[in-house]
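Enquirer: I'd like to ask some things about the structure below.
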Amino acid sequence: MRLAILSDIHEDLNRLKKVLNKIDQKGYDLLICLGDISGFSESYYRYPKSRNASACLDLIRRKCEIIVPGNHDLHAAGKIPVRPAGAEYEYWLHEEDLDPGYSEEEIAFLASLPEYAILPTPEYNILLSHYLEPNLSGFIKGFYWSVKEFGAHFQLMKEFSCKIGFTGHAHVRGFHLTNPQQFKHYGYRKLRLKDFPVVIGIPPVTRNNMRSGFCIFDTDSFFLQVTKFYLYAPG
């Protein structure tokens, strides 16, 4: 089964259309979105005229079989995560987010989404989440860049018999691949997964900071292809 996985759109309608067109060209069996369809800040992004949260959400709803929400989506829906991490953490307040202009029905849809999904294959399960346990929805400030910070996520994967996990949120340039022995960053490329359990952090769709892309994963051959889109591509 060929999985096409994307994340972190941030209301960037033009780039989402380009990515979906490229994914269609490559072919897939299942399309997955790992969240942050919403979330636009004038100080951080540079496409105010083309941002369109509702149009992005509509495309994702029509094209994706699996959708999990990111922190910006839950904020737009006015929903607190079911799996809170604890009072000792500092949380994003999303004070810079512009109003996405969602309808009541769109807000209700985002609020109904599960905070993670388990995708079964004939031989193993895959954990799909916006980010990493204990921060599955991405509300905690900060990112994880060392093996020791992935311990809770690997434990969650073990509970659900997951061999592989995919996450977004960190806006990786390329992708990161983490197993219990090492954390490693890669550029945009193809490789075969060999060591398990493993977590793959994928790039965002949004064009910010030259970090635009998506991934295709073959659940039978374990080949992963992470594809880049250039910031200044036409349109």
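The values are calculated or read from the model by the stated rules, or taken from the named source; none is laboratory data. Values in this document were obtained by computation on a predicted structure and should not be read as measured data. As a convention, Cβ positions derive from the backbone with ideal geometry for all residues, glycine included, and neighbour counts pool all protein chains shown.
Enquirer: Filter segment 171-192 for residues that are among the aliphatic types (A, V, I, L, M) and either under 19 Å from the mean Cα position of the chain (by Cα) or modelled with pLDDT under 95 (or both); which is surrounded by the most Cβ atoms within 10 Å (Cβ to Cβ)?
Expert: Step by step, filter segment 171-192, then rank; the result is Val172.
Enquirer: Limited to segment 122-174, what total is found for residues that are aromatic (Phe, Trp, Tyr) and either without any contact (Cβ under 8 Å) to a residue 12 or more places away in the chain or in a helix (DSSP H, G or I) (or both)?
Expert: Qualifying residue count for the region: 2.
Enquirer: Any residue at all in segment 8-23 that is touching a strand residue (DSSP E or B) at 6+ places or on another chain (Cβ under 7 Å) and more than 14 Å from Ser212 (Cα to Cα)?
Expert: Within segment 8-23, not a single residue is touching a strand residue (DSSP E or B) at 6+ places or on another chain (Cβ under 7 Å) and more than 14 Å from Ser212 (Cα to Cα).
Enquirer: I'm trying to understand the selection: among the residues of segment 190-221, which are part of a loop (DSSP other than H, G, I, E, B) and polar (S, T, N, Q)?
Expert: Thr206, Thr219, Ser221
Enquirer: Looking for something buried (at least 18 other Cβ atoms within 10 Å of the Cβ), assigned to a loop (DSSP other than H, G, I, E, B) and among the acidic types (Asp, Glu) - is there at least one such residue anywhere in segment 40-59?
Expert: Scanning segment 40-59, I find no residue that is buried (at least 18 other Cβ atoms within 10 Å of the Cβ), assigned to a loop (DSSP other than H, G, I, E, B) and among the acidic types (Asp, Glu), so the answer is no.
Enquirer: Moving on. Condition first: closer than 21 Å to Ser212 by Cβ and either out of contact with any strand residue (DSSP E or B) (no Cβ under 6 Å at 6 or more places or on another chain) or hydroxyl-bearing (Ser, Thr, Tyr) (or both). Now tell me which residues in segment 166-184 satisfy that.
Expert: Hits for segment 166-184 are Thr167, Gly168, His169, His171, Arg173.
Enquirer: Within segment 60-80, take every residue that is part of a helix (DSSP H, G or I) and of a type in the set (A, V, I, L, M) and give me the one that is farthest from Glu133 (Cα to Cα).
Expert: So, considering only residues that are part of a helix (DSSP H, G or I) and of a type in the set (A, V, I, L, M), the one farthest from Glu133 (Cα to Cα) is Ile60.
Enquirer: Considering each of Gly27, Gly70, Gly101 in turn, give the residue that is modelled with pLDDT of 95 or more and touching a Gly at 6+ places or on another chain (Cβ under 7 Å).
Expert: Gly70
Enquirer: Provide a single number: the residues in segment 222-235 that are at pLDDT 95 or above, of a type in the set (Phe, Trp, Tyr) and not in a loop (DSSP other than H, G, I, E, B).
Expert: Qualifying residue count, segment 222-235: 1.
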